[in-house]
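Visitor: Structure incoming, see below.
The values are calculated or read from the model by the stated rules, or taken from the named source; none is laboratory data. On a predicted model such as this, the values are computed, not experimentally measured, just so you know. Here the Cβ is made from the backbone with ideal geometry for all residues, glycine too, and neighbour counts use every protein chain on show.
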């Protein structure tokens, strides 16, 4: 945490090593014999139960619709063992994992939040595996991020360090597309589509990329999944493989996990010829006026 971040929204600035700072705070609380009230404890317990119900609903599979990213997260979570590690870095998945993943081990949840580094996932998973080869490592990665740095898959094979890579395919950079459109701009350039000869725009059919075949060409074992049954079978088989294994699972493109009243302060252009951008700027200004400052 740097000084600038510590002072955002008028917060009380506290800068230091995270572990040492927490230990120091814990010691001060112990000396003061501070304790939360029973009323507050009941309120938190109620909110936790409410949240768990919401997570269960989002992870629940609807057989009548295409599998979603939330479904995949839930299934991988359920398939992983107590000491297994999940790793992710970029796109909409870190936020979804933050909401939906239920870790069982202090070292079982490894996410790169700071810079949303696309391509970090497989390389980072390799580092986690090198640190503790006894743990199964589940690399959760979107199709866009996979294309940034999938070649470290070869290093995992070369070093005999098995990863289970769950590639969630929503045909492009859908997280950025959603942000683009919520900012008032038309969808442009963030999906893996062919250029349409009639419109000369990137709004043609989706490009059918076979990520499983790509992984196999590099020497990995690969499975394909288009529904919950196939994904479950692939997850079961992946546990028994002897080298890095990739599961390519296609998900519903526009199925999103709600923001739950959270708000991302993404500035909007003040001047634009696009009506949508002007409307988005007005919404942005209204939202900024509702920000809470903690003094």
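Visitor: Looking at 147, 167, 163, can you tell me which residue is closer than 22 Å to residue 209 by Cα and free of Cβ contacts under 8 Å to residues at least 12 places away in the same chain?
Guide: On inspection, the qualifying residue turns out to be 147.
Visitor: Identify the single condition in (1) touching a residue at least 40 places away in the same chain (Cβ under 8 Å); (2) buried (at least 17 other Cβ atoms within 10 Å of the Cβ) that residue 218 does not satisfy, given that it satisfies every other one.
Guide: Status for residue 218: all satisfied but (2).
Visitor: Out of the stretch 213-229, which residues are within 17 Å of residue 242 (Cα to Cα) and outside any loop (DSSP other than H, G, I, E, B)?
Guide: Scanning the stretch 213-229 gives 215, 216, 217, 221, 222, 223.
Visitor: Now a separate question. Determine which single condition residue 141 fails, assuming it passes every other condition in (1) closer than 21 Å to residue 76 by Cα; (2) in a loop (DSSP other than H, G, I, E, B).
Guide: In the conditions (1) closer than 21 Å to residue 76 by Cα; (2) in a loop (DSSP other than H, G, I, E, B), residue 141 misses (2) alone.
Visitor: Here's a follow-up. So for the stretch 81-91 (the condition being assigned to a helix (DSSP H, G or I) and either at negative phi or surrounded by 10 or more Cβ atoms within 10 Å (Cβ to Cβ) (or both)), does at least one residue qualify?
Guide: Looking through the stretch 81-91, none of the residues is assigned to a helix (DSSP H, G or I) and either at negative phi or surrounded by 10 or more Cβ atoms within 10 Å (Cβ to Cβ) (or both).
Visitor: A follow-up question, please. For the stretch 99-112, state whether one or more residues are touching a residue at least 40 places away in the same chain (Cβ under 8 Å) and either part of a loop (DSSP other than H, G, I, E, B) or surrounded by 24 or more Cβ atoms within 10 Å (Cβ to Cβ) (or both).
Guide: Among the residues of the stretch 99-112, at least one is touching a residue at least 40 places away in the same chain (Cβ under 8 Å) and either part of a loop (DSSP other than H, G, I, E, B) or surrounded by 24 or more Cβ atoms within 10 Å (Cβ to Cβ) (or both), which makes the answer yes.
Visitor: Separate question: Determine if the stretch 205-212 includes at least one residue that is at pLDDT 95 or above and in a helix (DSSP H, G or I).
Guide: Yes, because at least one residue in the stretch 205-212 is at pLDDT 95 or above and in a helix (DSSP H, G or I).
Visitor: Sticking with this one: Among the residues of the stretch 17-38, write down those that are within 30 Å of the chain's Cα centre (by Cα) and either on the phi > 0 side of the Ramachandran plot or surrounded by 10 or more Cβ atoms within 10 Å (Cβ to Cβ) (or both).
Guide: 17, 21, 22, 23
Visitor: If residue 143 satisfies all but one of (1) surrounded by 14 or more Cβ atoms within 10 Å (Cβ to Cβ); (2) within 21 Å of residue 243 (Cβ to Cβ), what's the number of the condition it fails?
Guide: Result: residue 143 passes all but (2).
Visitor: While we're here: I want to confirm something. Restricting to the stretch 245-275 and keeping residues that are in contact with a strand residue (DSSP E or B) (Cβ under 9 Å, 6 or more places away or on another chain) and assigned to a loop (DSSP other than H, G, I, E, B), which single residue is surrounded by the fewest Cβ atoms within 10 Å (Cβ to Cβ)?
Guide: 253
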